[in-house]
1. Taking the chain, how much of its Cα-Cα pair set, in percent, is spaced more than 52 angstrom apart?
2. Report, by chain and number, residues whose modeled amide H sits under 5 Å from the one on LYS247, excluding near sequence neighbours (fewer than 5 apart, same chain).
3. In what sequence do VAL445, VAL602 fall when counting other Cβ within 10 Å, fewest first?
4. How high is the relative contact order of the chain, in percent, with contacts defined as C-alpha pairs under 8 Å that are six or more residues apart?
5. At LYS335 and LYS261, where each label point lies 7 Å from the Cα along Cα→Cβ, what is the point-to-point distance in nanometres?
6. Would you mind calculating the gained length between ALA231 and ALA379 on full extension (0.36 nm times residue separation, minus the Cα-Cα distance), in nm to one decimal?
7. Between ALA470 and TYR437, with labels modelled 7 Å along Cα→Cβ, what's the label distance in nm to one decimal, could you check?
8. Residues of segment 647-677 with amide nitrogen under 19 Å from the 7 Å Cα-to-Cβ point of LYS277?
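Just so it is clear, none of the values below were taken in a lab; they were calculated from the coordinates. Keep in mind that what you see is a predicted model, and the values were worked out from it rather than measured. Methodologically, a virtual Cβ is constructed for each residue, glycine included, from the backbone with ideal geometry; neighbour enumeration extends over all protein chains shown.
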Amino acid sequence: MIDDNLLDPYMLRLQFLIFSLLALGLALAPASALAADADGPILVDADSITHEVAGDQVEATGNVRIRGRGMTLLSDRALFLRDKDEAEAQGNVIVTREGDTLRGDRVKLNFRDETGEVEQGNVFLKKGNLHAKGRRMYKLGPDTYRLDGGSFTTCDAENPSWKFSASDLNVLVGDYATAKHALFYIKNVPVFYFPYLVFPVKRERQSGFLTPRGGNSSKKGMTANLGYYWAISPSQDATFNLDYQSKRGTGLGVDYRYIRKRGSDGTFRGYVIYDDKQQRFRGYVVEKHQEIVSDTFNIKSDINWVSDRNFLRDYAEQTGVYNQNLADSSLSLTKHFRRQVLAGEFRYQDNLQQDVSSNRNTLQKLPTISLTGIRQRIADTPFFVSHESNFTNFYREEGIKGQRLDLSPRLTFYAKPDGPLEMSAWGGYRLRLYNSYGDQQTDGVEGDGIALAGAAISSTLARVYETGNAAMPRVRHVMVPEVRYSFVQDRNQDSLPFFDYNDRIVHENRVVYSLTNRLTGKFDRGDGTSEYRDLLSLRIAQGYEFSGTRRDLLTLVDDERKFTDIMVEATAHPIKPLTVALDSRYSTYYTRFNTAAVAADVNDGKGNSAGVTYRFARDEVDYLEGRASIALLKPVFFTYFTRYSFDRKGPLESLYTMEYRHQCWSIAFSYRDRIDTNEFFVNFSLAGIGSLGTVRVF
């Protein structure tokens, strides 16, 4: 037997459903039309339901659930007015909509226009993780709230680490929230008072002022930066910055970004300041653009301009920017044909390491036009033809200038007989024609041609080994031995103009023999699938120059002996988190390394990582770079970065950072030590609101 009491809630719901259908169909035709509107009906579910036909009211008690218009209301009891689509709920009231949650002791909610009132309520907005509370809360629309005697925070805890309280709080989701007579609390202790406060509650990017930043610098003095973000359209936006520096003046910056059809995009950044210390305007412009006109034609520009050679050293902070040697600008156009690629480029360089007059000697390429013929088979033969041709106009204000036409056709033979061997051979001719002026020794028209040839033979040998290890059951070993010969005709080129190293082609009569090994492991993921990972790639090579002299273009050091340095290039992944790389040149004549580049990186995927890079070239470079991130002491994180020069006997730059991260706030301490400056930073951020600014102690 089934207990009749267990059937009561279900019988009540069934009776209510049958009664409602009869009432809607016979007695309340207008209400039935409203319930079937485009937004769908409002559904009421509860343990006990009573329907008053005269007032079209539904009274629900026990586990009440009212659904409709994308919202769900839960409560202990509720009165639903069908003609208004309005509910009055009491007892553990919860309203949810798209991840947002509204709670209160008593809630009045209109499902039609999404307005209502809440007593002792709080709201959670998923986007931004915003929590807001108030004695009385008014829902003024789908995304608008007003709170009397309210507070807000992005902390999840019942007793949050920080919060703002206000006598009058207005929240517009997707825009901003405003508060009058706001107090900032750390725990329960009031710290700051704001007569009026504005903070973002964004779902989409929108225009508005950014959080101001301030600080102190030995070069710039006291600083203050106010930014404004402009959401121009879905495809473009811009940021404007007003930058005050007590020792330098007031600057203005702009950062503009955009995307266009077919994937075209670009950025523009500019900054200008009247430097009070130097009594002149200074600034920079950086522009990058890619215009994809069609599938076969595109235009690119990369403009980098600075007003003077010391601007980046005085104002830039990023490594690789503040100490860069060249400001390089270019404009290029590329057109692809079926078997040809036509490209043109204008390139201008500003030498930042020289004084202003020295840039008059900097050689510019205005323009370079190249035509490259992709390798094409001759009928059904194993022969292929290709070519590379380019024309360059060299210009500078002082010194030799002129034009160069470089033509280089090539014929290549490929063969793969039965077996593991692969063979190829090629021959070509490189013709250079010049028109130069500005140098009495080379003025006029000159030309020279040089023969080129080469051949290669290689083989690919592979085998799979069973390891007997369950974690890595198989290893694949690939070995590629190769012998390559190259020949460049020996010609005296002293009579030709010298614009770059393409004007002095080095004679070659060299054979290079190499052996490449690659190991790939098959790993069992434990779920029935496999993962393949490269364990080792190792290439060892050496060459012999029959002419007795050489110039190794791959290293800064060249002993010019018949046998080249032994070249060792390797990348290893002995375990998944670890990567080790090596690129070195070892002299067998002097039994020493001429060059070496060693790098090791480890990353556990949990916030802990470390890396070191060492570069050495005998009598040229001796340089070490290290970096580390430590998350073992969460929520405290440490990062470290350093660059050290052994040839200069001292550090170039070091950066130490310690950050404490809470769920809803963080504070970071950073110390930077450079050759020309020392700085200490303190940065405090509130989750969902952003950084309150950077304080530079010195």
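1. Value for the chain (Cα pairs over 52 Å): 39 percent.
2. So LYS247 has HN proximity to GLY221, MET222.
3. VAL445, VAL602
4. Reported relative contact order: 5 percent.
5. 2.1
6. 47.5 nm
7. In this crude spin-label approximation the distance works out to 8.2 nm.
8. 672-677
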